[in-house]
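Worksheet for the structure shown next.
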Amino acid sequence: MMIVRPITAADHDALWHIAEKTGSGFTSLQPNASSVKKKLTRALASWQEIPPDEALYLLVMENLLTGQVVGVCGIESAIGLSAPCYNYKVSTNIHVSKELDMRIRHEILTVCSDHTGYSELCTLFLDPEYRHSNNGYLLSKSRLLFLAAHPERFSNNIIAEMRGYSDSEGHSPFWEALGRHFFAVDYDTVDLQVSKNKDFITELMPRHPVYVNLLPEKAQLVIGKTHNNTVAARKILENEGFRYTGYVDIVDAGPLLETPVDSIHTVRESSLYRVNINPYTVRPESRRSCLVANEKLNKFRCIIGHFSFETPDVINLTPAQAEALLVSEGNLIRIVPMVKKVRT
């Protein structure tokens, strides 16, 4: 059985091994000892009754059979409070000449910090060997059930920055066409620096609007395009109600998705049920595929499986499922039915 739970101090080595597998462009978790330690320390401090203003709720996926940690995901409670969080806004400018009878449309990139104070879904990564059996679905959506259980810890609006396009060798056409001219370093170097500290963007990035048609065609084509390894994660979020509204990452032009929290499908459709522990097998045709989580904070647990219902507001759990969820008879748990099987 796979579970998602809060990260602990004992997960440091596992987090490091995951960081080694993330690859180019995965800014929020790079294989750098100091940044991994800093991320873990910050996450551990967030699981308190009174959290910091910019809390990081980091969750890991564990294989209960082996004890191996195989994935990570997180939610930032608020971004851009202690330091600006910049993006490019893609907008359109129309130039008209009556004399020449011409009407020309230009796309423009403008530096902005429009999402200051928003919550953010972040740091979603699953070991490639475990990208099957709806593990990715569980990892991504578990944090939405946590969000539904603890809305007071988050903003009313939430974003998710998708990893931007880079080729098989880790080269970003957008960075090569724009950012490199102002930073004079390669994409991997700036990616690592962003994972440590974003202040250099404020110091060196030009604030003037950029006309997209002045960039090479290869760079123009990847604005708002998602990295191949992140396409499945983007589809899951879009099915939840997240939408691309014309904001992109300042480094690789990856799309920023956003939505009001109360419009997220999992948040809106999740319901509370009482636990009935039933050790007996229930007929398969009477069971439903669901995502199930407890309502705890630092002992949060989430699993996926097939469940039957004793009454309209009582769910049957096997003893193993109840143990995995850290719940007892009569406890409340949060449930959302799976809409369809997702291959992740």
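Couple of notes before you dig in:
- In the condition set (1) open to solvent by 10 Å² or more (accessible area, probe 1.4 Å); (2) in contact (Cβ under 8 Å) with a residue 24 or more places away in the chain; (3) closer than 30 Å to THR92 by Cβ; (4) of a type outside the set (Lys, Arg), SER263 is compliant with all but (2).
- THR245 being under 27 Å from the mean Cα position of the chain (by Cα), farther than 17 Å from VAL4 by Cα, of a type in the set (S, T, N, Q) and buried (at least 20 other Cβ atoms within 10 Å of the Cβ): no
- Any chance LEU65 is open to solvent by less than 20 Å² (accessible area, probe 1.4 Å) and closer than 25 Å to LYS141 by Cβ: no
- Flag if ILE250 is touching a residue at least 12 places away in the same chain (Cβ under 8 Å) and open to solvent by less than 30 Å² (accessible area, probe 1.4 Å): yes
- Residue match in region 91-104 (condition: touching a strand residue (DSSP E or B) at 6+ places or on another chain (Cβ under 7 Å), loosely packed, with under 12 Cβ neighbours inside 10 Å and of a type in the set (Lys, Arg)): yes
- Where THR123 falls short, out of the listed (1) of a type outside the set (Phe, Trp, Tyr); (2) part of a strand (DSSP E or B); (3) under 25 Å from ILE223 (Cβ atoms); (4) free of Cβ contacts under 8 Å to residues at least 60 places away in the same chain: (4)
- If you go through region 328-338 and keep only what is under 27 Å from the mean Cα position of the chain (by Cα) and at pLDDT 95 or above, you end up with LEU332, ILE333, ARG334, ILE335, VAL336.
- Only one entry in THR8, THR27 is more than 19 Å from VAL292 (Cα to Cα), open to solvent by 20 Å² or more (accessible area, probe 1.4 Å) and modelled with pLDDT of 95 or more, namely THR8.
- Matching option when the condition is without any contact (Cβ under 8 Å) to a residue 24 or more places away in the chain and either assigned to a loop (DSSP other than H, G, I, E, B) or not basic (Lys, Arg) (or both), among ILE18, ILE79, ILE94: ILE94
- Residue list for region 299-313, filter: at pLDDT 95 or above and open to solvent by 30 Å² or more (accessible area, probe 1.4 Å): LYS299, ARG301, ILE304
- Conditions (1) at pLDDT 90 or above; (2) outside any helix (DSSP H, G or I): number failed by PRO84: (1)
- Test for LEU138: is it of a type in the set (A, V, I, L, M, F, W, C), in a helix (DSSP H, G or I) and crowded, with 21+ Cβ neighbours inside 10 Å: yes
- Elements of the type helices (runs of 4 or more DSSP H) sitting completely within region 170-221 and holding at least 2 residues that are open to solvent by less than 20 Å² (accessible area, probe 1.4 Å), hydrophobic (A, V, I, L, M, F, W, C) and at pLDDT below 85: these cover 187-196.
- For region 111-135, the set of residues classified as open to solvent by 20 Å² or more (accessible area, probe 1.4 Å) and under 19 Å from LEU29 (Cα atoms) consists of GLU120, LEU124, PRO128, GLU129, TYR130, ARG131, listed by residue number.
- Exactly one residue out of ILE79, ILE75, ILE108 is within 28 Å of VAL222 (Cα to Cα), surrounded by 14 or more Cβ atoms within 10 Å (Cβ to Cβ) and touching a Leu at 6+ places or on another chain (Cβ under 8 Å): that is ILE75.
The values are calculated or read from the model by the stated rules, or taken from the named source; none is laboratory data. Bear in mind that the values here come from a model prediction, so they are computed numbers and not experimental data. Don't worry about glycine lacking a Cβ; one is built from the backbone with ideal geometry, like all the others, and counts go over all protein chains shown. When the accessible area is computed, the model is the full protein with side chains, heavy atoms only, and any ligands, DNA or RNA have been set aside. Shrake-Rupley method; radii C 1.70, N 1.55, O 1.52, S 1.80 Å.
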